Amino acid sequence: MLLAEMKDVVTKFADVISKVLDVDVLIVDSNLKTVGNTYRYFDKFTLIRRISVIGQVITTGEVVAVDDRANHNACKDCPDYNECEMSGFIGVPIFYNNTVVGAIALVLPKSKIPQIFKDVRNSVEFLERMADLLSSKLQNSDDYNNLNVIKREREVIMDSIDDAMVSMDDIGYITYYNKRFEQYFGIKESCVGKFIKDVIPHRYISEFMSNYNEFSGRLMYFEQNENTFYGYVSCRNININESRTGMLFTFKSIGHVNAELADIGYNNTQTTFAWVENGLMAPHIVEKAKRLSITNKAVLIYGEQGTGKKILAEAIHSFSNRSSNSFISVCCDGSYRDLLETAMFGTDQFNREFSGLGKLQLAHKGTIYISEIDRLPYFLQKKLADFLKTKMIRQAGLRDVQIDVRFIASSSKDLEQLVREGHFDDELYYRISENIIKIPPLREDKEYIAELISGAIRFYKDKYNKPDLKFDAAAMQILQDYHWPGNRRELEETLDYLVRTAQRTVTCHDLAQINLTAQGSIPTIQDMEREQIASLLLSNKNKDEVARMLGISRATLYRKIKTYNL
């Protein structure tokens, strides 16, 4: 089969041998199939059989020389003896990897026997050298086929990768690129053999080609004709036996980065209006939010801490036509003002901890939610207003990049008043205040307090597996009359604590333990936890038992003991 795969080469070998010796030549493979032959003295050859002399060469792997077929048993026993026109024969095996893969045979008419057999040893040696040379050609062909298989496997792998990839030789001429590369850079005609800098004339490519210094994940913007690529580029040298034999560039688009982040749930939300409507917010608030969800307009949500502003923003995103893309949130609480600009607008720097993309870019095609926007530094308010006007991000080393993002902001303060006082940018307020949703504090929403309390009790009883736990009437009344300064968040934390720590029935005494009365105040959840741990430690010196009762690990218990200085 190996000989058959290089039939053209075998045929040339047969012609050369025939011309040198002035005889007919027959070359067959191990399956006794003719691969190369000449017709100088014979018009045809009989069917080659395993019992024939050439079959004997292949079977034994030995040289066979016949100067008179009438005196050779293999010839006399051949069923084609009477039809065969040859008078003499010399055959040598062709070895490849210590296996006979075929044979070269001289098929002699009677007139050529004296000439060839005058020095039969030289004739045999010549054929053996030709057989060895043909074997080396087989090796080259086999190596070439193996390389082609490896090359094809590499191409299949590259084509199956979502990132664009292009490989080059050691000088920089393209050897292969995958389908994604064609898509990103608008390749219409083959660019194999072209210089990479001519195909992608970008400074990152030129820089790498001048010094061959590898880099990874540089943010790149490239526009040519009608095609635009915006994403990351990485450059690698291909080194074999400590020698650079080629180069490989990979390109990952911002769209695929966002898709991957969405696949792993990066800041995405499962909150829906069906959940919000379950007593969390008044119907008129939900209805207005739904109407705004189906638009791409900016939304400003007003409400005190704990009223559920982020929950409503998540529901708006989930109800919109952007729900399959990312929901990205930014909190302007002042805890990282120095980093806030980078977090929002990004940078062209890339490292393991930071992708270089700002949250506005990560929210491309999705929604960005900026909470407590009143705490955004004034210089960033101006920059954000400019973005909302142009929808363009400007970064060093890149052209302006257009970002498609839905904008939702929230605040617990009156932004209009802050504008009058000079503490909030008037243009930013103009761009975010066209559609305002106000969530009233819980104390102004008395009709929903009882429903919220009942729903929270059912939820936490199920979570803590306490189906028989009850709240007596007096305790329920205090909970409903309490003014809840922390709104829904405070209500949730309080009922979580009460259900988790109560045994059979929650009474007024249990509420008094946490200083909760209709007019009183409630400590933080940390205060409640500290008090519970201290009480258990006093009554039970076995910390393993305390940890078990609290439902936490021993290590966590020790950490909390240290935190609360107990």
Practice problem: Look at segment 518-533 and say how many of its residues are loosely packed, with under 13 Cβ neighbours inside 10 Å and modelled with pLDDT of 60 or more. | Solution: 1
Quiz item: Where residues in segment 197-254 are in contact with a Leu (Cβ under 9 Å, 6 or more places away or on another chain) and within 21 Å of residue 400 (Cβ to Cβ), which of them is surrounded by the fewest Cβ atoms within 10 Å (Cβ to Cβ)?
Solution: 221
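Each row is one residue, and each column tells you yes or no for (1) closer than 30 Å to residue 515 by Cα; (2) in contact with a Pro (Cβ under 6 Å, 6 or more places away or on another chain); (3) in contact (Cβ under 8 Å) with a residue 24 or more places away in the chain; (4) surrounded by 13 or more Cβ atoms within 10 Å (Cβ to Cβ).
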position	(1), (2), (3), (4)
387	no, no, yes, yes
417	no, no, no, no
425	no, no, yes, yes
429	no, no, no, yes
437	no, no, yes, yes
444	yes, no, no, no
466	yes, no, yes, yes
470	yes, no, yes, yes
Self-check item: Criterion: at pLDDT 80 or above and assigned to a loop (DSSP other than H, G, I, E, B) - qualifying residue of 314, 304, 341
Solution: 304
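Residues are listed down the side, and each one gets a yes or a no for (1) in the same structural domain as residue 183 (by TED's automatic domain parsing); (2) closer than 16 Å to residue 166 by Cβ; (3) part of a loop (DSSP other than H, G, I, E, B):
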residue: 213; (1), (2), (3): yes, no, yes
residue: 220; (1), (2), (3): yes, yes, no
residue: 223; (1), (2), (3): yes, no, no
residue: 230; (1), (2), (3): yes, no, no
Self-check item: Meets criteria (aromatic (Phe, Trp, Tyr) and modelled with pLDDT of 85 or more) for residue 564
Solution: no
Quiz item: What is the number of the single condition among (1) of a type outside the set (Val, Ile, Thr); (2) assigned to a helix (DSSP H, G or I); (3) modelled with pLDDT of 90 or more that residue 447 does not meet?
Solution: (3)
Practice problem: Out of the residues in segment 458-481 that are of a type in the set (Asp, Glu) and part of a helix (DSSP H, G or I), state the one that is farthest from residue 445 (Cα to Cα). | Solution: 462
Quiz item: Which residue pairs have Cβ atoms under 7 Å apart, sit 6 or more places apart or on different chains, and have a first residue in segment 53-77 that is in contact (Cβ under 8 Å) with a residue 60 or more places away in the chain and a second that is part of a helix (DSSP H, G or I) and surrounded by 15 or more Cβ atoms within 10 Å (Cβ to Cβ)?
Solution: 63/124
Quiz prompt | Contacts under 7 angstrom Cβ, first residue in segment 21-45 being more than 14 Å from residue 91 (Cβ to Cβ), partner buried (at least 19 other Cβ atoms within 10 Å of the Cβ) and among the polar types (S, T, N, Q), 6 or more apart | solution = 38/18; 40/18
Practice problem: Could you look through segment 14-51, keep only residues that are modelled with pLDDT of 85 or more, outside any strand (DSSP E or B) and of a type in the set (A, V, I, L, M, F, W, C), and pick out the one that is surrounded by the fewest Cβ atoms within 10 Å (Cβ to Cβ)? | Solution: 20
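The values are calculated or read from the model by the stated rules, or taken from the named source; none is laboratory data. Since the model is a prediction, treat every value here as computed from it, not as a measurement. No Cβ is skipped: glycine too gets one built from the backbone with ideal geometry, and neighbour counts run over all protein chains shown.
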